[in-house]
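Asks: One structure, as structure tokens, below. Some questions next.
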Amino acid sequence: MICAGKYYLVDSGYANTSKFLATYRNIHYHIARFSSANSREYASMEEKFNHRHACLRNVVERTFGILKQHFRILSTMRLFLLEIQRDVILACFVLHNFIARYSMANPIFTAPETEEVESDANDVALTQLHEDAQDHSRVGDRHKGDRMRQHIARAIWEQRRH
């Protein structure tokens, strides 16, 4: 269950709703333009929002990639109930953090960050089938989601002026 005030970061393939926070469609940025902190000049608040959104999603995806390397169960959870999947993921995060704190010699924590995590083609295909089978536009309120995204984008945009 999604709590009030919380939402999933999703790509533009999803409808933006009060439960799914998507990027603005047709607002593109080129990551190379933003490689240096001094050269970050955004054309609009939507472009800045999309860039920040992408940065957050990259952290989440990288984190799950590391967890999937360390805990193979995360690649095969499609047979469990949603509540069990949630509990397994939480347990993996707890174990990951424990190992990171008390066993820094672990190769997962000493590998260079630029290393790409291999994706399992079967997982990608199953995820796509699962997503195609769901109508995400019915999850949450679209108007409320648009207002929420606009509010967040405006707040991020205003930070640059202060």
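Derivation of every value follows stated rules applied to the coordinates shown; laboratory data play no part. Note that this is a predicted model, so its numbers are computed, not measured. Ideal geometry is used to build each Cβ from the backbone, glycine not excepted, and the neighbour counts take in all protein chains shown.
Asks: For LEU21, which sequence-distant residues (separation of 5 or more, or a different chain) have an amide H within less than 5 Å of its own amide H, given hydrogens modelled in the peptide plane?
Replies: For LEU21, whose amide H was placed from the backbone, the distant partners under 5 Å are TYR8, LEU9, VAL10.
Asks: Tally Lys and Arg at +1 and Asp and Glu at -1 over the other residues with C-beta under 12 Å from the C-beta of PHE80: what net charge comes out?
Replies: Numbers: positive: ARG78, ARG86; negative: GLU83, ASP87.
Local net charge: 0.
Asks: Another one. On a full-extension model of 0.36 nm per residue, what is the gain between LEU56 and ASP146, subtracting their alpha-carbon distance, rounded to one decimal in nm? Show your work: numbers first, answer last.
Replies: Numbers: separation 90, 0.36 × 90 = 32.40 nm, distance 1.89 nm.
Gain on stretching LEU56 to ASP146: 30.5 nm.
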